[in-house]
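Visitor: This is the structure, below, for whatever I ask next.
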Amino acid sequence: MAFWKYGVFNGLLAGAIWGSIWQLITNIALIVGTGISIDLQIGPALLSGLATGLFVITKKNNNSVIYYLSGVLITLFFLLVFSNGQPFGPEFSILKWYTIFSVLCVSTLIFLSVYLNVGSINAGFVEKYFLEAFYSRLMWGLGLLFFILIVIIPFYVMVMTSLKNQQSLLRNPLDFSIDFSLGPEKIFNSYIELFLKYDFLTLLINSAFVSIVTVIITLLFSIPGAYAIAKLRFPAREWLSGSVLLIYLIPAIILVVPLYSVFSQLGLRNTLFGLCIVYPATTIPVALYMLKGYFSGLPNELDDAGLMDGLTRWQVITKISIPLSIPAIASVSLYVFMIAWNEFLFAFMFLDDIKIFTLSRGIVSLDSTEVPRQHLMAASVVATVPVLFIFLWFEKFLVSGLTSGSVKG
């Protein structure tokens, strides 16, 4: 019988994988957090992970504090033993507080990862269902960790770089630690100069203005348009419904040249008003498509009842359909806002005056040898944080708005 069908093998496999991964991640975190170059040591964590896997697979899960504490201590013990008391190399003494904290974190993460991965599998023969569940949890955990890392690492590097000074960046570009002894004024010097010297507040106001106007114009056209496609019967309705997204088959770079020529002749180039015309033209189709699915899911009986009570069709939209479609409208507004906030191509081609630059256009103008890199990173942080907070705030509306209307009936 195949050895990989036994729980002992699964426990050892989970321990080896998670021990190696968490040790690697912690080593990299220590390198970028302290600026000290060290050799990556995977062996001790791999061996301690094997010991943890044996402990988890042979001990029944009782969900008690003693059980969890025992697992963490066993992992910690073997990690220190196999590394001769230097789990991260001689550069990081075990007596330093951040080394102790890192060792405790690694031990806890290894044990919890193995425990959650193995689940209720016993040490003997594992049935097919539990075997598939084990590998599914393993792949899901690795995928989730990979996704988190590719999101967090660039943002961490961007934030830490923005808090550095030019001398420290030139001395050690891989040192992403912060010297808190410098004081708040020197640490946040890049942000202070960004707003005082480079007038970054104007860029924020320009982007906010263009994004908000784009959202308003998009909703004014897409709400009645989506309602008409979803609820009304008229010639070529099905054709219009199916071709509403055809504009996205045309690359934006193809539209730039004719729009540049037309807007130059009309005097709309190098104006924010011109962007307020172009952006809705690219966001209205996707907004129509998203809202159409939601409106189609609303019962027609509600519209009929409103019409029988004497409401006009526009009153039905404003008093019945819109209040019931707040989640979808919120998600569309957020999506359109992010598109307008981050758009670069049209802003780069149409805007020449630095006083009306949007954020994306302004950040590119900072990317030169005259502007320190930490200022460029600070500008990227300022451009990212508002959208990040707005997205987290409206997340529940975004999820419900995107899923509602996907299944009718």
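Visitor: Pick from region 28-87 the residues that are of a type in the set (D, E, K, R) and closer than 19 Å to Gly7 by Cα: which of them is modelled with the highest pLDDT?
Guide: Lys59
Visitor: Still on this structure, I have one more. If Thr271 meets every condition in (1) surrounded by fewer than 19 Cβ atoms within 10 Å (Cβ to Cβ); (2) under 15 Å from Phe337 (Cα atoms) apart from one, which number is that one?
Guide: The one condition Thr271 does not meet is (2).
Visitor: In region 1-42, which residues are β-branched (Val, Ile, Thr) and either under 22 Å from Thr75 (Cβ atoms) or touching a residue at least 60 places away in the same chain (Cβ under 8 Å) (or both)?
Guide: Passing the criteria: Val8, Ile17, Ile21, Ile25, Thr26, Ile28, Ile31, Val32, Thr34, Ile38, Ile42.
Visitor: Hey, another quick one. Please go through region 30-65 and give me each residue that is among the small types (Gly, Ala, Ser), part of a helix (DSSP H, G or I) and surrounded by fewer than 18 Cβ atoms within 10 Å (Cβ to Cβ), ordered by number.
Guide: Selection gives Gly33, Gly43.
For (1) modelled with pLDDT under 85; (2) of a type outside the set (Lys, Arg), each residue gets a yes or a no:
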site	(1), (2)
Leu145	no, yes
Ile150	no, yes
Lys164	yes, no
Leu169	yes, yes
Leu174	yes, yes
Ile178	yes, yes
Gly183	yes, yes
Lys186	yes, no
Ile192	no, yes
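Visitor: Output the residues belonging to region 112-132 that are in contact with a Gly (Cβ under 7 Å, 6 or more places away or on another chain) and in a helix (DSSP H, G or I).
Guide: Those that are in contact with a Gly (Cβ under 7 Å, 6 or more places away or on another chain) and in a helix (DSSP H, G or I): Ser113, Val114, Tyr115, Asn117, Val118.
Visitor: Against the conditions (1) touching a helix residue (DSSP H, G or I) at 6+ places or on another chain (Cβ under 7 Å); (2) closer than 26 Å to Ile363 by Cβ; (3) among the charged types (D, E, K, R), where does Lys186 fall short? Just the number, please.
Guide: (1)
Visitor: Look through Leu109, Leu142, Leu138 and report the one residue that is in contact with a Ser or Thr (Cβ under 9 Å, 6 or more places away or on another chain) and in a helix (DSSP H, G or I).
Guide: Among Leu109, Leu142, Leu138, only Leu109 is in contact with a Ser or Thr (Cβ under 9 Å, 6 or more places away or on another chain) and in a helix (DSSP H, G or I).
Visitor: Let me ask you something else. Run down Phe147, Phe180, Phe188 and say which single residue is within 15 Å of the chain's Cα centre (by Cα) and surrounded by fewer than 17 Cβ atoms within 10 Å (Cβ to Cβ).
Guide: Phe147
Visitor: Test Val72 against the stated conditions and say whether it is touching a helix residue (DSSP H, G or I) at 6+ places or on another chain (Cβ under 6 Å) and in the same structural domain as Leu142 (by TED's automatic domain parsing).
Guide: yes
Visitor: Enumerate the pairs (first residue in region 349-373 and closer than 16 Å to Asn206 by Cα; second residue anywhere and at pLDDT below 80) with beta-carbon separation below 9 Å, excluding pairs fewer than 6 apart on the same chain, so at least 6 apart or on different chains.
Guide: Once the first residue is closer than 16 Å to Asn206 by Cα and sits in region 349-373, its partners that are at pLDDT below 80 give Ile354/Ser365; Phe357/Ser365; Ser365/Val371.
The values are calculated or read from the model by the stated rules, or taken from the named source; none is laboratory data. Just so it is clear, the model here is predicted, and its values are computed rather than measured. Reconstructed Cβ throughout: ideal geometry from the backbone, glycine too, with neighbour counts over all protein chains shown.
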